[in-house]
């Protein structure tokens, strides 16, 4: 019995190390992305373009720090949510621009709930917390009705 348990320990350790490495890689990528966004906002400020950029992005000055902090997660969550909701293939010209969807996602206070929902494998229920749900609902394919 001890021999079997000992044989499993390296596999658990390997999985733990791989998981830790993946999380560390994501953390560094997020750090670099946030730094790039901060630098870009600073450059727009120096060139006195910030007001027009904020208007184009639909952001208020006070929302910039939260946007920068949460944009890395939003760039991962939004494509997954769009695909899972079934809206990906149907988002057409009449849908809000993807930048608007990304802005809404980045400013969303429920990113943790979104991650949990995506990890669950569910295909319904996001409507209760996702601020982009109305867009996904109108773009989602119509489900066939059973008669």
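Computed from the coordinates by the stated procedures, all read-outs in this text should not be read as laboratory data. Keep in mind that what you see is a predicted model, and the values were worked out from it rather than measured. All Cβ positions, even for glycine, are placed from backbone atoms using ideal geometry, and neighbour counts span all protein chains on display.
According to the calculation over all Cα-Cα pairs in the range 2-139, the P(r) per 10 Å bin from zero is 10, 32, 28, 18, 8, 3, 1 %.
Arrange the following residues from fewest to most other Cβ atoms within 10 Å of their Cβ: 120, 85. Walk me through the numbers before you get to the answer.
On the way: 120 9, 85 23.
Ascending number of Cβ neighbours within 10 Å: 120, 85.
Give the calculated FRET efficiency between residue 80 and residue 48 to the nearest 0.05, with a Förster radius of 22 Å applied to their Cβ-Cβ distance.
Details: r = 37 Å, r/R0 = 1.68.
So the FRET efficiency works out to roughly 0.05.
Put a dot 7 Å past the Cα of residue 123, heading toward its Cβ, do the same for residue 24, and the two dots end up 3.9 nm apart.
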